[in-house]
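In what follows, a single structure is set out as structure tokens and then discussed.
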Amino acid sequence: MLRLFLSLVLAVSFFGSFSAKAETELWGDYSGVTLRVKLIGGGQYEGLYNEVIPWWEENTGGKIEIVTQKNHFELDKEIKKDIASGNLDFCVASNHTSFASQYGNIYTDLNNIMPASVLADYTPLILEHSTVDGRLVQMPRHSDVSNLYYQKSLYEDADNKANFKAKYGYDLTPPETWDQVKDQAIFFSNPPDFYGTQYVGKEEAIAGRFYELIIANGGALFDEDYRPIFNSAAGVEALQWFIDLYNAKAVPDGVLNYLWDDTGLGFASGTIAMNLDWAGWAGFFNDPENSKVAGDIGLVRAPMGSGGLRTGWSGSHSFSMTESCPDKEAAASFLWALTSNKAQMIEARGGLSPTRPAIWDAIIAEKKAEGDEFMLMVFETFKMSLAEDAFTPPLIPEWIEFTNVLYPELQAAILGDKSPEDALATASKKATEIMEDAGYF
Amino acid sequence: MRKFLNGPWVLLMPTLIILTCVVLLPLLLSLWTSFTPFKLTKPDTLYRFVGFRNYERLIGDIDFWIAFGRTVLFLAVALNLELVFGLGIALLINKITYGQRTLRTLMMFPMMFSPILVGFQWKYIFNDNIGLMNNFLREFGVIQPIPWLVDGILANTSIMAAEIWSSTSVFAILLLAGLLGIPKDPIEAAKVDGCNSWQVFKNITLPFLMPFVFIAMTIRSLDVARAYDIVQMMTGGGPAKRTELLWTLISRTGYVDAKMGMANAMSYISIFLSIAFTFFFFYKLVEARQRLSYE
């Protein structure tokens, strides 16, 4: 511990073409130390490791051994197996605010490890979301919230404007409410060549989308005792939105098998008018090599539900340190490096939303200087959205298990196998069993 | 003691020890967990005995029994279709006099793909928007895309097509081995006596092949009853549980929900399905052999 604090230095970091505010750095001499780490893999995530790991090894003399690098759902399964077998022989692992509460106390409380001056560099609300039962179990890497991308030219077309006004009685402008999204999606659709919108249709993904819509409609999933209350007027209204779009063929027929890659690639293919998606896709969408809509993309904050609130299902990717880690000082230094100004700037340049306020300022300044109007719009929109609209799912260990009983019922209602009321009643009954078993009531 | 050390038990000991460690102990442990509320994320729950609670819940769980019934149906249809296609391929290849080895090798290609890759390939083929099947049909005037992986019957048929494509060659290889082992004399004698091709096949070839058919059925029934990878890749058991088979349900319960005690209880009930099919096919195998020896 002493070695760590002795190595603390307050420095001003200069990197790239900008200067960020003073950052507390956490270097030390860790020659001879090898940290075993389990990381989330995939093209979007691995660029960070390629730059930060050599940087950390060079500055500390330590070594990083990547034990596992796989997608988050596979990593989640592996860590659950590790917990069951008691085989926690790694120091650092990727984590997520929606997953963290499942893992009990295998991860160290970083409040006792990270100096307050280091924690002060992160957005306080995100640190709060990274806390489970009063223990800070993860250092936030980047945050996610979704906003609405759309094809600008559709809204500039004079025929579209006139026809839409004649049919719906109001001007065709980027939607402010989810009811307007529905109208416009149906208006733009010309299946099977073109669809108004799309949604992720299975697993936690659709459960999360339903969750944010029920909140925006003024409802909730659970009451204060975690009794399910989503079988309500707000819940039926939220589910009906998905059903109406499906029945109107305003979304592709296969949408219930879609996950994030399917919706992202679908919008990039130019066959979708509007797409609610994460910040990380922005660069891809506007890259002519990957996307047919490059140069024709607008972005607005996620629309509002009938309760006057905007949807804002949010979470943060993060890194945690195991309680069993034999060299916590070195691991703390590595956690800091992975989420440092330098690391976050690397990811922000790819379009991801930073968890340090200084990096928001820096990336916006950089994009202004470059004259990159599109990415400037992306960062300004997501900054506002994270500040004003974002909310996490219930940070409880039962979240994933709950979504696994909810999503098949949502699908059944969308496909017409059940009425929305029946589907939500069944999901509510199963959710009640989960919460009872977990001892909430 | 001396007698024991010189007896056959000593020679059997290494096998018994290995079998106990790699088969018996894991089986007993998983059986024990099925009587506990064991959660992967709460290792302490491994020691909480709850009796038959998991099994009692499963008896009243309609979703489990629907998945169970769908697995039986899937098994029955897939096995029979694989048999028909495998037998046809084996008979055709058996007729070939030139290039038979090359064709036998080509026929085994689908078996060489990992089931996960097969799942990805067929998911792409049946994708409603960019899939090969719908684009192919569009050339013939079918403009409206067919939701192959959404409609209940179509989705199960699509998965079955992938499973059959991947594994029919198992049947073909085993039946071809059977065909190559059939003595030529009875067939030639039947032809001399005026039997047509169908009569030769029905009364001579098929009875000789039946033991091989039941061996292939037994092997494949165990495989199909554990079908997971292809289904998981193509539909994940959905949408709305329309393609849920036992092992997609068990896997989600055990590894995603982390409820390993409940998942093991499901597994033990599903094992009865495999035992029933294995017992049935072995019974038919013995019967076919006896019939062959009488004739």
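Taken together, the values in this text are just the output of simple stated rules run on the coordinates, not laboratory data. This structure is a prediction, so every number in the text was calculated from the model and none was measured. All Cβ positions, glycine included, derive from the backbone under ideal geometry; neighbour counts span all protein chains shown.
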- Item | Residue exposure sequence - A:L415, B:L106 - by fewest surrounding Cβ within 10 Å | B:L106, A:L415
- Item | Antiparallel bridges, percent of DSSP beta bridges restricted to the protein assembly as shown (to nearest 5) | 75
- Taking neighbour Cβ counts within 10 Å as the exposure measure, how do A:E289, A:E433, A:E380, A:E237 sort from fewest upward? A:E289, A:E433, A:E380, A:E237
- Note on the structure: The size of the Cβ-based charge dipole (Lys, Arg +1; Asp, Glu -1) of the stretch B:63-294 about the Cα centre, to the nearest 20 debye, is 320
- Treat each spin label as a single point 7 Å out from the Cα along the C-beta direction, and report the B:N135 to B:N94 distance in nm. 4.0
- Query: Suppose every K and R has +1 on its Cβ and every D and E has -1 on its Cβ; what is the size of the dipole of the protein assembly as shown about the Cα centre, in Debye to the nearest 20?
  - Reply: 2920
- Toward the positive end of the charge dipole of the protein assembly as shown, about the Cα centre and with charges on Cβ (Lys, Arg +1; Asp, Glu -1), which of A:V33, B:M111, B:L285 goes farthest? B:L285
- Task: Could you work out how far apart the two model spin labels at B:M111 and B:K184 are, taking each label as a point 7 Å from the Cα in the direction of the beta carbon, and quote it in nm?
- Result: 2.6
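With a cap of 16 neighbouring Cβ atoms within 10 Å, and only residues DSSP puts in a loop, list the chymotrypsin sites (Phe, Trp or Tyr not before Pro) found in the stretch A:120-220.
A:Y170
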- Query: Computed on alpha carbon atoms, what radius of gyration and Dmax characterise the stretch B:63-294, expressed in Å?
  - Reply: 20.5, 67
- Query: Tell me which lysines have Cα within less than 29 Å of B:K184's Cα, excluding those fewer than 8 residues away on the same chain?
  - Reply: B:K95, B:K202, B:K284
- Note on the structure: Relative to chain A, whose Cα atoms define the longest principal axis, helix A:72-85 and its Cα axis are tilted in degrees, nearest 10, by 50
- Message: Give me A:C325, B:C21, A:C91, B:C195 sorted ascending by neighbouring Cβ count inside 10 Å, so fewest comes first.
- Response: B:C21, B:C195, A:C325, A:C91
- Query: For the stretch B:1-87, which chymotrypsin sites (Phe, Trp or Tyr not before Pro) are both in a DSSP coil and crowded by at most 16 other Cβ atoms within 10 Å?
  - Reply: B:F49, B:F52
- Message: Among A:P54, B:L174, A:I214, whose Cα projects farthest towards the positive end of the dipole of the protein assembly as shown, with charges put on the beta-carbon of Lys, Arg (+1) and Asp, Glu (-1)?
- Response: B:L174
- Query: Under the rule of -39500 (n - 2.57) per DSSP H run of 4 or more residues, summed and divided by the residues of chain A, what mean residue ellipticity at 222 nm is obtained, to the nearest 500 deg cm²/dmol?
  - Reply: -14000 deg cm²/dmol
- Query: Shape of chain A from its Cα gyration tensor (a ≥ b ≥ c, root eigenvalues): rounded if a/c is under 1.5, otherwise prolate when a/b > b/c, or oblate?
  - Reply: oblate
- Note on the structure: Listed by chain and number, the lysines with an alpha carbon less than 28 angstrom from that of A:K70, same-chain partners under 8 positions apart left out, are A:K38, A:K80, A:K81, A:K202, A:K328, A:K342, B:K39, B:K42, B:K123, B:K241, B:K259
- So how far apart, in nm, are the two label points at B:W9 and A:N87 if each is 7 Å from Cα heading toward Cβ? 3.4
- Item | Gyration tensor verdict on the stretch A:321-398 (Cα atoms; rounded if a/c is under 1.5, prolate if a/b is larger than b/c, oblate otherwise) | oblate
